[in-house]
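Below is one structure, written out as structure tokens; the observations come after it.
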Amino acid sequence: MNFKKIFIYTLLISGLASCTIDDFADDYSDPSKLAGTTVGKQFTGMIMSNRQSVLPSYWDYFVIKRITSNRFTQSVGWVNVENQYVPGSAAVNDRWNNYYNFMAQYRELQKVYDGLTDVKKQDNRVFMIAAATYFYDHTQQVVDLHGDIPWTEAGMLSTNGGDYSKSYAGYDKASDIYTKMLDDLAGFATEIGSLQINPASAVEFKTQDLINNGDIDMWKKYINSLRLKMLTRVSGTSEFSARAKSEIASILSNPSQFPIVADNASNIMWDIYSVGTVIGGNDFRSGLEDWNGNIAGKAILDHMVVNEDPRLTYVFQPGIESNGAYLGLDPLMNPTDQNELVLTQTLSVYNFSTISRNQYFPGILITAPEVHLMAAEFYLKEGQDATAKMHFEEAVKKSIGFYQYLRSISNNAEADAPVVPTEQSISNYLAMDEISWSAASSMDEKLSLIADQKWLHFNVIQSNENWHELRRLGKVDLDFWTDNSNQQNLPPSRWMYPGSEQTYNMENYVKVQPQDKLTNTLFWDVN
């Protein structure tokens with residue numbers, strides 16, 4: 001990895017002085033304020049350093065997701081081109097560098113905390129639990145893109161006093177990283193419930209916490225819901241299956257001890273409170289819409305139209321020349337015909353007012369629908385069909401409510417008013433043959449229902465999560481155009497490492513080089 005870049009970045013961002021917008025902008029570029037840093041300020045700086053991977057941004061959507069996860073899940077339609085299943089170097093390098101810049105900020109936070117007295121450490125413990133939770137959430141995302149990554153020894157250049165020779169990090173096994181994070185999160189879930197936070201620390205935590213605004217109950221839900229997500233991700237492996245079964249059962253059966261994100265009021269999101277600030281989602285529009293990046297994919301749109309999905313008019317809008325008809329782009333068409341169809345402006349697009357031009361669109365971390373779908377999967381595999389059905393149907397209802405919420409906070413009214421779902425329309429949807437839990441005759445069919453609803457709920461909004469679950473479950477039936485110009489003629493199983501690893505970290509990279517192939521599956525991808 002590029003340690004020089006990470007070190008410079010750390011110097012720039014380790015002097016953050018508060019979480020207010022004006023002060024943040026001032027402190028971000030002022031290295032002279034390094035001496036004034038605190039655990040609370042570093043905590044905010046760490047979160048801010050990763051904002052482009054959370055808040056909808058041009059960089060994240062146009063440079064990265066447009067040509068990777070949005071296509072690999074067919075959430076969008078696009079004109080087929082050669083080499084389209086090879087993640088571009090800009091996307092891979094930028095996502096990698098952003099994570100390691102973020103890691104460097106986390107290491108600075110650890111460094112500041114380690115320098116405190118024992119009493120001060122106890123006063124600031126809540127910051128470290130929250131920081132580790134947030135860091136682990138985004139570490140999982142990077143592991144699920146690449147597999148093994150430099151981790152335990154990574155981001156230590158500042159801690160090592162600027163000694164490059166000590167700072168080239170080896171690769172940790174992906175399964176070992178999961179084990180460490182699951183161990184720590186299990187500890188946090190117990191510790192945070194009994195944590196004694198002095199009043200001054202509580203006030204500072206509320207001020208500096210950009211995610212949950214200092215709400216300890218919300219952090220409990222974040223911790224346990226993240227545990228559910230990670231445990232579900234690895235539940236099919238021989239190494240983790242027993243642990244996953246035991247811990248998921250413990251979490252779901254003890255809501256008072258291990259609360260989870262069970263309703264939309266508890267969704268873990270980075271909310272936007274004012275438009276036009278440094279942390280606003282003002283460039284979401286160009287990130288998703290440029291180069292026809294928001295065209296509806298045929299499979300996902302057809303699924304919603306045919307089954308009269310109550311979310312349809314919130315998620316999509318008809319093309320301006322379509323006379324109100326919904327039409328998605330078929331991935332199996334030849335590129336010439338696809339281009340001609342795009343130019344007709346009859347293709348549907350993701351809804352401007354709900355999504356891409358909604359300047360109050362939040363940064364989404366974990367939502368109630370996905371948590372209920374994880375619970376449905378667990379209970380289905382445990383033979384508790386009635387409970388699984390309850391969670392499945394609750395997930396659908398919460399997803400509908402979630403998209404209604406997104407539209408309700410929007411400051412854009414360019415799209416037509418959506419059709420407001422009624423109880424009857426939701427019941428009718430749940431009774432559709434392709435949706436109905438009762439109509440499914442086997443566990444495999446019911447697991448396919450869960451997979452479909454994850455795909456529909458995540459779409460372009462949680463793009464990477466969508467791709468990870470599509471690979472893990474292997475149940476969403478999608479047909480892809482075969483790219484005969486490239487050995488990678490269908491979507492990959494993982495991302496390769498960026499070229500910077502071979503340039504700056506070759507001694508360690510050679511140990512993982514044999515597995516650095518787009519066709520290699522991750523350890524949890526056992527389907």
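The values are calculated or read from the model by the stated rules, or taken from the named source; none is laboratory data. Being a predicted model, the structure only gives us computed values, none of them experimental. Here Cβ is always computed from backbone atoms with ideal geometry, including for glycine, and neighbour counts include all displayed protein chains. Areas reflect the complete protein model, heavy atoms only, side chains present, ligands, DNA and RNA absent. Shrake-Rupley method; radii C 1.70, N 1.55, O 1.52, S 1.80 Å.
Things to note:
- The listed residue being open to solvent by 60 Å² or more (accessible area, probe 1.4 Å), without any contact (Cβ under 8 Å) to a residue 24 or more places away in the chain and outside any loop (DSSP other than H, G, I, E, B), out of Ser238, Ser246, Ser256, Ser250: Ser246
- Test: residue in region 287-308 that is buried (at least 19 other Cβ atoms within 10 Å of the Cβ), touching a Leu at 6+ places or on another chain (Cβ under 6 Å) and polar (S, T, N, Q): yes
- Applying the set (1) surrounded by fewer than 13 Cβ atoms within 10 Å (Cβ to Cβ); (2) closer than 18 Å to Gly88 by Cβ to Thr482 leaves exactly one unmet item: (2).
- Residue that is nearest to Asp144 (Cα to Cα), among those in region 490-526 that are of a type in the set (A, V, I, L, M, F, W, C) and open to solvent by 50 Å² or more (accessible area, probe 1.4 Å): Phe523
- Matching entry among Asn97, Asn70 (being touching a residue at least 60 places away in the same chain (Cβ under 8 Å), open to solvent by 10 Å² or more (accessible area, probe 1.4 Å), of a type outside the set (Phe, Trp, Tyr) and not in a loop (DSSP other than H, G, I, E, B)): Asn97
- Pick from region 43-60, criterion in contact with a Phe, Trp or Tyr (Cβ under 7 Å, 6 or more places away or on another chain) and assigned to a helix (DSSP H, G or I), ranking: most open to solvent (accessible area, probe 1.4 Å): Gln52
- Single residue of region 335-359 satisfying the filter (part of a helix (DSSP H, G or I) and among the charged types (D, E, K, R)) that is most open to solvent (accessible area, probe 1.4 Å): Glu340
- Among residues of region 472-518, those that are out of contact with any Leu (no Cβ under 8 Å at 6 or more places or on another chain), of a type in the set (A, V, I, L, M) and not in a loop (DSSP other than H, G, I, E, B), counted: 1
- Residue satisfying all of: in region 212-235; under 30 Å from Tyr273 (Cβ atoms) and among the small types (Gly, Ala, Ser); surrounded by the fewest Cβ atoms within 10 Å (Cβ to Cβ) among these: Gly214
- Residues satisfying the stated conditions in region 418-471, i.e. in contact with a helix residue (DSSP H, G or I) (Cβ under 8 Å, 6 or more places away or on another chain), in contact (Cβ under 8 Å) with a residue 40 or more places away in the chain and of a type in the set (A, V, I, L, M): Val419, Ile426, Ile435, Met443, Leu447, Leu449, Ile450, Leu456, Val460, Ile461, Leu470
- Filter result (open to solvent by less than 30 Å² (accessible area, probe 1.4 Å) and assigned to a loop (DSSP other than H, G, I, E, B)) within region 421-471: Pro421, Ile435, Ser436, Trp437, Ala440, Asn459, Val460, Ile461, Gln462
For every residue, the table says whether it meets (1) farther than 22 Å from Leu195 by Cβ; (2) open to solvent by 10 Å² or more (accessible area, probe 1.4 Å).
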{"position": "Phe62", "(1), (2)": "yes, yes"}
{"position": "Tyr113", "(1), (2)": "no, yes"}
{"position": "Gln141", "(1), (2)": "yes, yes"}
{"position": "Pro150", "(1), (2)": "yes, no"}
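- Any chance Thr521 is assigned to a loop (DSSP other than H, G, I, E, B) and either over 24 Å from Ala299 (Cα atoms) or not polar (S, T, N, Q) (or both): yes
- Flag for Asp183 being open to solvent by 30 Å² or more (accessible area, probe 1.4 Å), within 21 Å of Tyr497 (Cβ to Cβ), assigned to a helix (DSSP H, G or I) and without any contact (Cβ under 8 Å) to a residue 12 or more places away in the chain: no
Here's the yes/no breakdown for (1) out of contact with any Ser or Thr (no Cβ under 9 Å at 6 or more places or on another chain); (2) in a helix (DSSP H, G or I):
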| site | (1), (2) |
| --- | --- |
| Met333 | yes, no |
| Phe361 | no, no |
| Lys397 | yes, yes |
| Tyr405 | yes, yes |
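- Hits in region 115-136 - residues which are small (Gly, Ala, Ser) and outside any helix (DSSP H, G or I): Gly115
- Exactly one residue among Ala388, Ala376 is buried (at least 23 other Cβ atoms within 10 Å of the Cβ) and within 18 Å of Val261 (Cβ to Cβ), and that residue is Ala376.
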